[in-house]
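The values are calculated or read from the model by the stated rules, or taken from the named source; none is laboratory data. If you're wondering where the values come from, they're calculated on a predicted model, not measured in any experiment. Ideal geometry is used to build each Cβ from the backbone, glycine not excepted, and the neighbour counts take in all protein chains shown.
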Amino acid sequence: MNYKKSKVGNYIPKLFLCSQSGDDFDMRKLLHVCRLLIVRTVDAFYFPFLRFIPHEIFRYGVTGGVNTFFDILLYYIFYQFVLSRQIVDLGIIAISPHIAAFLIVFPITFSSGFMLAKYVTFTSSEMEGKVQLFRYWVTVVAAIFLNYLFLKFFVEYIGMEAIVAKIFTTLLVVCFSYVSQRHFSFKTANLGKTVSISESESIR
């Protein structure tokens with residue numbers, strides 16, 4: 001089965017046939033098709049912003065926004081319906097529902113955020129996947145810590161309203177996250193471009 005093509009439509013029928021026959025089908029190819037679909041969907045909206053926003057920043061903004069929405073949606077579902085706003089009693093420790101929901105959702109959206117960053121946004125990165133994953137984890141932990149510091153500073157020391165403080169904090173942390181991922185987690189700052197679909201055909 002010839003897999004080196006850039007047309008999304010060419011993959012789907014072949015993957016379907018392979019799944020029926022059990023021949024030459026694996027998860028990497030399915031993930032590759034999903035990546036193609038996501039990247040082409042995101043890039044379909046890029047043209048109006050072509051002159052104003054670099055391609056990588058556009059992809060980062062879209063995928064980051066989608067993952068943030070996914071995070072909030074999952075948090076609401078677990079907090080409201082799965083945990084029913086009840087304290088989680090583990091015997092040796094009791095966890096409040098809002099913290100428990102965060103602990104459940106965080107590994108999910110951390111994984112989806114890394115996958116989107118690696119395979120959609122910072123596609124030109126030449127670093128090994130395990131190194132990217134570790135460095136991505138470091139930047140996420142740093143972002144959580146900065147959220148805490150900025151919120152505490154804006155609300156408790158400056159006297160800013162909590163919602164306004166959260167808006168400013170989010171803007172600052174988003175800028176930090178993009179810069180740190182571009183220069184540290186994936187190190188694409190000096191590579192000069194975002195790799196297109198036709199240039200990056202395989203999942204590393």
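Output the number of residues of the range 75-95 satisfying the condition of being assigned to a loop (DSSP other than H, G, I, E, B) and under 13 Å from V105 (Cβ atoms). Give the derivation first.
Start the filter on the range 75-95 by keeping residues that are assigned to a loop (DSSP other than H, G, I, E, B), which leaves 83-87, 90-93.
Next, from what is left, pick out any that are under 13 Å from V105 (Cβ atoms): 83.
Looking only at that region, the number is 1.
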Fill in: Tabulated pairs, the range 177-204, first over 17 Å from G113 (Cα atoms), second at pLDDT below 75 and of a type in the set (D, E, K, R), C-beta under 7 angstrom, 6+ apart or interchain
E201/K4
Response to the item:
Reported set for the range 50-74 where residues are under 19 Å from I108 (Cα atoms) and of a type in the set (G, A, S) is G64, G65
Worksheet item: Could you list, in sequence order, the residues of the range 38-53 that are in a helix (DSSP H, G or I), hydrophobic (A, V, I, L, M, F, W, C) and either closer than 13 Å to T63 by Cβ or in contact with a Cys (Cβ under 6 Å, 6 or more places away or on another chain) (or both)?
Response: I38, V39, V42
Item to complete: Under 9 Å between Cβ atoms, at least 6 apart or on separate chains: pull out the pairs that start in the range 137-149 with a residue that is in contact (Cβ under 8 Å) with a residue 40 or more places away in the chain and assigned by TED's automatic domain parsing to the domain that holds K166 and end on any residue that is assigned to a helix (DSSP H, G or I) and not polar (S, T, N, Q).
Response: V138/F184; T139/F176; T139/F184
Discussion item. What pairs come out if I take residues in the range 83-107 that are outside the structural domain of W137 (by TED's automatic domain parsing) and loosely packed, with under 15 Cβ neighbours inside 10 Å and pair them with residues that are of a type in the set (F, W, Y) and assigned to a helix (DSSP H, G or I) whose C-beta lies under 7 Å away, six or more apart or interchain?
Written reply: R85/Y79; H98/Y79
